[in-house]
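Input: a single structure, listed below in structure tokens.
Quick note: the coordinates plus some simple rules give every number you see, no bench work behind them. Since the model is a prediction, treat every value here as computed from it, not as a measurement. We place every Cβ from the backbone using ideal geometry, glycine too, and count neighbours over all the protein chains shown.
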């Protein structure tokens, strides 16, 4: 994770809302693809489990940095 990633993720995690904006959604997808080394992919918004998996993966990377 870059310093910018860490700073963004700290701000993201501090937000207590249970909803994410479209910009946050796209940023999560971009970060996940870069950090997990795969093509950019947006999980279907009809099932929040996909993006939650991305968030969980990024949280693990953040916690283990």
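What three numbers, in Å, describe the spread of the alpha carbons of the chain along their principal axes, ordered from the longest?
31, 28, 18
Where is the GNM fluctuation largest for the chain (alpha-carbon springs, 10 angstrom cutoff): 16, 49, 27?
16
Under 8 Å for C-alpha pairs, at least 6 residues apart: give me the relative contact order for the chain, rounded to a whole percent. The partial results should precede the final answer.
On the way: 33 pairs, mean separation 23.1, N = 65.
Relative contact order for the chain comes out at 36 percent.
Using the beta-carbon distance between residue 4 and residue 41 and R0 = 22 Å, what value does 1/(1 + (r/R0)^6) give for FRET efficiency, to the nearest 0.05?
Working: r = 21 Å, r/R0 = 0.97.
According to the calculation, E is roughly 0.55.
With springs connecting C-alpha atoms under 10 Å apart, model the chain as a Gaussian network and identify which of 55, 28, 20 has the largest mean-square fluctuation.
20
Return the distance in nm (one decimal) between the two label points of a simple spin-label model at residue 14 and residue 56, each offset 7 Å from Cα along Cα→Cβ.
My value for the distance between the label points is 2.7 nm.
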